[in-house]
Each structure stands twice: as C-alpha cells, then as structure tokens.
Amino acid sequence: MSVDVESKFPEGRRLVSVLFADILGFSTLADQLDPEIVSGLMRDLWSRLNKIVEEHGGFVDKQLGDSIMVIWGVPESLEDDAERAVSASLELLIGLNKFKENTEYSEAKTLQLRMGIHTGLALAGNVGIHGEYTVLGNTVRIAQRMEENAEPGSLVVSEATYQSIRGAFQVKRLTPVQLVGTKKLVNIFQILEELPQPTKLRYRSKGGLKTILVGREEEMARLEDLFQHTRQQNKTQLVLVTGDVGVGKSRLLFEFAGQLETENPLLTVMSSRALKQTSQVPFYLWKELWSNRFDLNEDDPVESARKKTIDGVLTLWGQALGEVTAVEAAHFLGDQIGVTWDKSRYLEPFNTDPKLRIERSFLLQAELFNRASQRGPVVLILDDLQWADSGSLAMINYLWKSADREIPLLILSCARTEFIKENLEIFQDVEQIELKPLPVSSEIVRDAYPALKEAPDSLLSALAERAEGNPYFLEEMVKNVLGSKGFSLEEKDELPVLPGSVEELLQSRLDSLSMEGRATAFFAAIAGRVFWKGAVLAAFRGSPGVTKALDVSSHNIVGKVQVALDELMEMELAFLRVGSAFSGEREYIFKHSLLQEQAYQRLPENLQAECHLVIAEWLAERVGLERSVCVANHFEAAGVYDQAQAYYTKAAEHARAKGYDKEADDLQYHARTLPENNFGQGEK
Ligand SMILES: Nc1ncnc2c1ncn2[C@@H]1O[C@H](COP(=O)(O)OP(=O)(O)O)[C@@H](O)[C@H]1O
Ligand SMILES: [Mg+2]
C-alpha cells in the first residue's frame, strides 16, 4: 500500500502549472447574509468549481476560505498540463456565471473570480505543514502574483505558461509587472478565449531549457514593418527567410508570430511545414495547412471529412454574399487536398481539364483568404520550402502574383539558402531576409540561456567559438554541457570537452539515451522527421533483426515505447505535435531535420531495410491516395521493388488525374526503372 502511495505521489523537482483562483465579493456576502446561508452557498459553489478542476485533471492542493490553489503536473505530468490548467480556468469562469444565474440570492450575483497561472519547476513531496503532499517554491509565489495582477473576472498567466499554451488560446499582452523582491519586469498575459483550431507552429514539450531569442532585433523589426505594410497597402506580401541549416529561420518566424498574436487579438495564423518525407505528395504544403485548420485526419471517413471541410470553409468565408458560395469553395479546396465529393456539380464540368480545375481551386482559396482577412489580419507561415512540391509552390506564386486583387495577406516562408537560386522564376522579387550566423560572443550565449547566467566567461566563449554562430549547434551543446555528469557551474577552471561538429554532438546526445530511447529514435527516424507512436511500435514488433542488434527485449513493448518517447521529449530531441495525420495516433516531430538524419544513419543498411518494410506496411494500411508515394518510398528503401512499383504507379495515376503532369511523368519513369528483382528475394 505504501509503495502505491509513493508511486502515485512522486517527490522531487517537477514541472508543474499552478493556478491560484480567488473569489471576490465573498466578504461582502458574509456581511449581508445569514452565516448559514453563506456557508451553504459557498459549499455549493466550491463543489461545482472543484468538479470542473478535477474533470480537467487538476489536483486541488489547498482551499482557504475564498481561494484555491490547484496543481497540474502531479501526481502525473503530461505534455499539456499548462493547456489543461488554462482550459479549466476558463471553465471556472463559466461555472461561476452559471452558479450566479441559478442562485436565488441576488447578493451572490456580484461574486467574481480572479485567477493566475504560472508554469515552472517546484519541489513536490510531503512537505506541507502537516506533512501533506504539496509543492513549494518560487513557482507557487509567482502563480499567486499572477493572480494578484488579474482584473476581476479574468485570468492572467506568466511568460512560461504563455509559451506552453501559445497558439491554443487567444491572448493579450498586458503591461509587464515587477515580482516581489526583484527589480526585473516580467511579461504577463491575459487569456481571452480558446482558439477554434490551435496552430501547428506550437509543439508540446515537457519543460525543457529556457532560451531567449537573441541577435535578431533587426529582422524582427523588418517583419513588423512588412506586416504593417501589408495591411496598409492592402496587398499580399511574400517574405522568404533564407539561411543555413540551424541558423534560426523557423525560430524567427515562430517568435514573430507570437509577437503578432499578443498584439493583434483578431489575428489568424495558419501554418504548414514541408517535409522531405512528403516532398512528392502533390499539394502537400496546403493539404497540411488546411488539415490543421479543419482538424482533418488522413483516415477520416469521407462523410466526416466533407463536413469538417465545409464547416471550416464556412467559418472563414463569413456571411457576405458573392458570386460563389462557401460550398463551392469547399468542393474545390477539398478536391486538391484529398477530400472527395460525390458527383459534385461544381467539379464535374472540370473533369476533363484538371489544369483548369487547379486554377479555379487556387482562385477560390485566394477568395477564402480574402474573406478571412476582412475580419482581421491573416498570416500564413510556410516552413521549409526547399521540400515543397511544385503544385504547392505554384499556389504560393498564384497568391502572390494576384497581388492586384487587394488581399492583405502576409505569407511568411523560409527555406535553405540554395532554394532561391533554384526557384528564381517565383522568388526572385520576394522580400528576402537572409539570416546570418549569430555574433560569436560570450554575451550572446549568456543572454540566450538564462541557465548559464552564472557560468564563467571562459566557458561561454568556448561555447560561442565552437558553435560559430549557429544557434542549433549552440543549443545542443549547452544541453549537453548542462546535462553531463559531474558538471557544475562552480568549477571554474576546468572546461568540459566540447564536440567538434554538430554531427558528433547529435550522436552523443543520442548516445545518452536509454537503450529503448535510442532504439525508438532509430525506428522513428526511419519513418521520417514526423513519425507516429504506432509506427514505432510496429517497427519494434516487426523488425526482430534490429531489436536483437540493439539488445532490447520485446517484453511490455507498449509501455516501453511510451517511456522512450517521453524520454525523447524530456531531452527535447522530439516533440509531440498538436493534432495528427491519423486519428488516435500520437504524432511526433524530431526537433530538427539534422537530428533525424543523424539517427537514421545509425542503423546499418540491412537493418534500415527491415524497418522500412514495416513502416511501408503500416502506412499502406492508413494513407489515402495522396500519400501512396510515401508508401512507395518505404517499399523501395526496403528493397521490395514490386510493391514499390505498384505504389509509384498508383501515385503517378493520381498525380495525372489531378493535373500534375510533370510529377506523374517523373513517378512513372521512376516506377519503370526500379530493379526487377526484390532485394534479397527468397530470404523473407
Ligand atoms: N536567435 C536565436 N536565439 C536563440 N536561440 C535560437 C535563435 N535562433 C535559433 N535558435 C535555436 O536554435 C535552434 C535551431 O533553430 P531553427 O529555427 O530550428 O533553425 P532553422 O530553421 O534555421 O534550421 C532552435 O532550437 C532554436 O530555438
Ligand atoms: Mg527550420
């Protein structure tokens, strides 16, 4: 029994989200009404509020008369603790309102809630006054301070909480405040409401190293100018951020979107990322953007996919009348991204000319953005264009070149430096922001990583020099140093050994994983930069050669894989994505494409092939026609050429039907030129 209690209530420093909620107007009530009535009322109210908190997985830590403290992250910590804390708090507001509507005592109608949340590390354990389980530390005090800064009827959160819930809620940046005992101003945010669809820019992580954006003031200012310009000129603006791997392109756009979000409550951000693993899927970039927005899954039943698409289009389309209807737009949009319609009267006239159908689809999607931007600024974030297919690029071009249509749309994109040279016909006149390496200086390192505030200058300069201004290299190195055994910031004379290259560093980060963690990273890397828990599990079960080589037993695989995935998240090597291509499948993404490449290379070729086959079969069961090329890629890598050929052919036919002739030709050619005999045929 005692063992049970212990495992349920873990001790130690843990990442938690703490909510303070105060009911205002309680003492006035106590003066006006009979004490028995007051206590009856409060009991009723608290039981309602507690129920809401518990439904959202919160642990009610303390209740003191008119206030409560609730913790998320104990006994169990999940990636979405902060999000659940914020959702619960918004529900509490609704709960109080309902209570006020129903109560017979008009005096109780003046009650109001004031709430604050902070997310951070706290000491958890049986450390309460009476030895009860609770959490202690600065995190708790900051949460309380957030609450004190909230207006009655509102919820205020700290920067750390905001960073964890970004993109899921509409927020407003408030005037920074001072914390007791410090001179420094800290950012605070008011939560307005839950967003209909969270943006996929955001990943869910488990705490992690706090980093501050450094050395990009000019670029941020330029982006801000471009945003204002787009609105004033009423014209679509295309911005391309270019730079080397890991120089900070994605981070810049992420930070900028965050700044816009807190300054423009009516802003709509939609985002998508091209991936190497889907670079042959026609129109993938936009498919992903709309799927995120409409919450579409690859395996949705067709009726449900249609409904989600129509509802999603309607919301953006609005009420204004026009020549075309939202339904027509939904049909043309859906048609491009794999949502099929039964005998659509809109699409049918275009059956014989897929090129015209694409054009009309582009036009209607542009109109959709146009209508959405009438209600507030719309910003699109398109990452990693170097892996975008030509159809996706064509639509970017279309939106941009039809700039005379007066759509105030800001398209922020990024790509590796070489990309622009290879795509001059579209991108030669864009607003280009070329990201240079960060300055090599110890101050930059100190500013970027608060955890190194006290570190000796010699260490900081060594890190800066080794990283050569590449923030990804720098960040992984900092994590390595901070996480290495026996390292302490106090020992000033001895510098830790720093790796010679990013690749070497990433390998050593992978080496520091547990055996299962490493195997999971390898399997995941076979699937691609984006992977699914189910695919990893399938690989564990279906590649005995690999599990044997890596020396992991197949006992309790499901549990082990989840623990391993959590380990990857805790080490910030991978993150959980918001939403997933497949319903009920947790979707993850490697922190960086470089890391995925490094993990991939760790398996010898014959073992890679074994895993590719499992992944091919796993995908084949789940994907629609659009992604058949991904299945083909895996069969090819597995050396199962007959299957690869079948899937390439399918993909080619699909591309042809959609009007992507060039892709169709390439795929068909590829299918024809595959080797005749399967690799190692007869062995399997
Ligand atoms: N200016 C910066 N200040 C602090 N950290 C940064 C900065 N730019 C990038 N980083 C960090 O470096 C890593 C790589 O950045 P990322 O934007 O993914 O690179 P890219 O997209 O150019 O490959 C990320 O972890 C990111 O948070
Ligand atoms: Mg990037």
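Each reported figure results from applying straightforward, stated rules to the coordinates on display, with no laboratory input. Please read all numbers here as calculations on a predicted model, not as lab measurements. Positions of Cβ are backbone-derived with ideal geometry, glycine not excepted, and every protein chain shown enters the neighbour counts.
Observations
- Alpha-carbon centroid distance for the pair region 584-613 / region 317-388, whole angstrom: 34
- Rounded to the nearest Hz, the phi-derived 3J(HN,Hα) couplings of region 239-249 under the Karplus curve 6.51 cos²θ - 1.76 cosθ + 1.60 (θ = phi - 60°) are 10, 10, 8, 10, x, 6, 4, x, 7, x, 5, where x marks glycine and proline.
- The loop-placed GluC sites (Glu not before Pro) in region 418-508, going by DSSP, that have at most 15 neighbouring Cβ atoms within 10 Å of their Cβ come out as Glu454, Glu468, Glu490, Glu491, Glu494.
- Phi-based couplings in Hz for region 373-390 (Karplus 6.51, -1.76, 1.60; Gly and Pro marked x): 6, 5, 9, x, x, 10, 10, 10, 10, 10, 9, 6, 4, 4, 10, 7, 7, 5
- Here the average projected area of the convex hull drawn through the C-alpha atoms of region 333-392 stands at 5.3 nm².
- Residue order, fewest to most surrounding Cβ atoms within 10 angstrom, among Leu192, Leu289: Leu192, Leu289
- Relative to the longest principal axis of the Cα atoms of the chain, helix 515-527 runs at roughly 50 degrees.
- Shape analysis of region 221-434 based on the Cα gyration tensor places the equivalent ellipsoid semi-axes at 27, 20, 16 Å, largest first.
- Rounded if a/c under 1.5, otherwise prolate or oblate - region 1-91, Cα gyration tensor axes: prolate
- Rounded tilt (10° steps) of 557-570 against the dominant C-alpha axis of the chain: 70
- Near Leu113, the amide H atoms lying under 5 Å from its own belong to Leu24, Gly153; only residues 5 or more places off or on other chains count, and H is placed 1.01 Å from N.
- Within region 154-196, none of the GluC sites (Glu not before Pro) combine a DSSP coil assignment with at most 15 other C-beta atoms in a 10 angstrom radius.
- For the cross-link pairs Lys200/Lys650; Lys100/Lys210; Lys401/Lys658, the ones whose C-alpha atoms lie over 32 Å apart are Lys100/Lys210.
- Shape category assigned to region 509-672 from the gyration tensor of Cα positions, a/c cut at 1.5: prolate
- Annotation: amide H of Val171 within the under-5 Å range of Leu192, sequence separation 5 or more or interchain, hydrogens built in the peptide plane.
- Beta bridges assigned by DSSP with both partners in the chain are antiparallel in approximately 65 percent of cases.
- Kirkwood Rh, Cα atoms: Rg over Rh of region 417-572: 1.08
- Using θ = phi - 60° and Karplus 6.51 cos²θ - 1.76 cosθ + 1.60, couplings along region 607-615 (whole Hz; Gly, Pro as x): 6, 4, 4, 4, 5, 4, 5, 4, 5
- Taking Trp341, Trp317 and counting other C-beta atoms within 10 Å, the order from fewest to most: Trp341, Trp317
- Between 0 and 90°, nearest 10: helix 533-542 axis offset from the chain longest Cα axis: 60
- Alpha-carbon gyration tensor eigenvalues x 5, square-rooted, for region 2-195, Å: 27, 21, 16
- Long-range HN-HN contacts of Phe59 with modeled amide H, under 5 Å: Ile71, Trp72
- GluC sites (Glu not before Pro) within region 605-640, DSSP loop, no more than 15 other Cβ atoms inside 10 Å: Glu621
- Where only C-alpha atoms are counted, convex hull volume of the chain per residue in Å³: 194
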